[in-house]
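Reviewing the structure listed below.
The values are calculated or read from the model by the stated rules, or taken from the named source; none is laboratory data. All values derive from a computational prediction rather than experimental measurement. Counting neighbours? That spans all protein chains shown, and the Cβs are built from the backbone with ideal geometry, glycine included.
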Amino acid sequence: MNNIYIVIAVDTVGALAANTLEGYVYMVDTNQYLGSWQEGTSQLHTVCQDGQILVWSARPLDLSNQVDIESFSGTMTSESICKPQLSLMDGDGTWAGCVETKGSFGSYPYTVSLALGSKTLSFNAYIKVV
C-alpha cells in the first residue's frame with residue numbers, strides 16, 4: 001500500500017490580506033485520476049484505505065513568505081481515525097499519520113491550522129476511507 005502525499009499550496013499574501021484561508025488554499029494529492037476529488041481547493045477529499053500513511057506538507061506560492069502546518073483537529077483526529085504528527089526525520093515540516101479505522105468506511109473531516117508568520121489561520125478538508 002503506497003503512501004499518499006498531500007500538498008497544501010497557500011497564497012500567503014492573499015490569505016493574510018483577507019485574514020482567511022478560504023479561497024487561498026489549493027490542495028492536491030498523489031491519488032491521480034479517479035482518486036480524490038475537489039483537488040485545487042481547500043475542500044480536498046483524499047480517498048484512502050485503512051492502514052495507509054498520509055503525508056502532508058504546506059508550501060507558499062510566494063517563496064518570500066513562510067507557511068507551516070501547526071496542528072490538525074476535527075473528527076479525523078478526535079475519533080483516532082488518523083492522528084498526524086510532525087515528522088522529525090525529514091526536518092522539512094511534513095506531517096504524517098496512519099489511517100486506523102479498524103475496518104470502518106466513511107468520510108472524516110479535519111481542520112488544518114497553518115502558521116503564516118505570526119498569524120494562525122485554519123481550513124477544513126476530508127479523508128474518505130474506502
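Please tell me if L114 is in a loop (DSSP other than H, G, I, E, B) and among the hydrophobic types (A, V, I, L, M, F, W, C). Here the answer is no, as L114 does not meet what is asked. Within the stretch 55-111, the residues that satisfy the criterion of being part of a loop (DSSP other than H, G, I, E, B), closer than 21 Å to T12 by Cα and small (G, A, S) are S64, G93. A single entry from L54, L34, L86, L63 fulfils the requirement of being crowded, with 19+ Cβ neighbours inside 10 Å and either of a type outside the set (D, E) or at pLDDT below 95 (or both): L54.
The residue that is farthest from T41 (Cα to Cα), counting only those in the stretch 117-130 that are in a strand (DSSP E or B) and hydrophobic (A, V, I, L, M, F, W, C), is V129. Cβ-Cβ distances below 6 Å connect the following pairs, each with a first residue in the stretch 63-92 that is at positive phi, a second residue that is assigned to a strand (DSSP E or B) and crowded, with 16+ Cβ neighbours inside 10 Å, and a separation of six or more residues or different chains: G74/Y110. Annotation note: Cβ proximity below 6 Å between a residue of the stretch 30-46 that is β-branched (V, I, T) and a residue that is assigned to a loop (DSSP other than H, G, I, E, B) (sequence gap 6+ or interchain) occurs for T46/S36.
Candidates in the stretch 67-83 are the residues that are touching a Ser or Thr at 6+ places or on another chain (Cβ under 8 Å) and of a type outside the set (V, I, T); of these, the one that is surrounded by the most Cβ atoms within 10 Å (Cβ to Cβ) is F72.
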